[in-house]
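Notes follow once the structure below has been shown.
The values are calculated or read from the model by the stated rules, or taken from the named source; none is laboratory data. Since the structure is predicted, the reported quantities are computational estimates derived from the model, not experimental observations. Cβ atoms come from the backbone with ideal geometry, glycine included; neighbour counts cover every protein chain shown.
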Amino acid sequence: MLDSLTALLAPAVLQRLTLVMNHVIGSESAATQRLEPHAGRALALRLDGWPSLLPAVPPLVWTLTPAGLLEWGGPAPNDAPALQVHVDAANPALLLARALAGERPGVHVEGDAQLAADVGWLLQNLRWDVAADLERAFGRVVAQQLHQLGRALAGALRSALAAAGPLAERFGPRSGR
């Protein structure tokens, strides 16, 4: 049941994620200019060590378009992408907590050096200006209130995750039993 629900929802989630990434990339002309020369090439995100108890993650492969944007769904599984980014996902909760705290995960990169350099530049320099997007959608006053609320909720979530970390270590599985 869970696998069928995941199979149904995963493509929709990944398509929306791709739209968000393209929105962020497209908001900075330097970003699209860096990716344009790599049009037609694929990049893959690999979640190494993903727990088998969780639903399987669909292939996270994007093809770069001539416009310097991303298209979800890359080459056939037998074709190697031009760039593979490996992330240790053995503990997805910890990975999420660190991401919410603003920490970048450790990654291992394989593939084309120039594409890796350009993707690295994107990761270092691009930020989603949520406040500006909210202002375009709702107007300045409402956008400010929504942005403040979102920041407060994100701060509370970060605090809760930081407090839960030591508890998870204390009550987590123990070796030697």
*Of these, Trp128, Trp72, which one is surrounded by 15 or more Cβ atoms within 10 Å (Cβ to Cβ) and either among the hydrophobic types (A, V, I, L, M, F, W, C) or more than 24 Å from Ala31 (Cβ to Cβ) (or both)?*
Trp72
*Among the listed residues Asp112, Asp88, Asp48, which satisfies the condition of being in contact with a strand residue (DSSP E or B) (Cβ under 7 Å, 6 or more places away or on another chain), exposed (fewer than 14 other Cβ atoms within 10 Å of the Cβ) and in contact (Cβ under 8 Å) with a residue 24 or more places away in the chain?*
Asp48
*Could you tell me whether any residue of region 58-74 is modelled with pLDDT of 90 or more and of a type in the set (Asp, Glu)?*
yes
*From the list Gly165, Gly120, Gly102, which residue is under 23 Å from the mean Cα position of the chain (by Cα), in the same structural domain as Leu83 (by TED's automatic domain parsing), at pLDDT below 80 and of a type outside the set (D, E, K, R)?*
Gly102
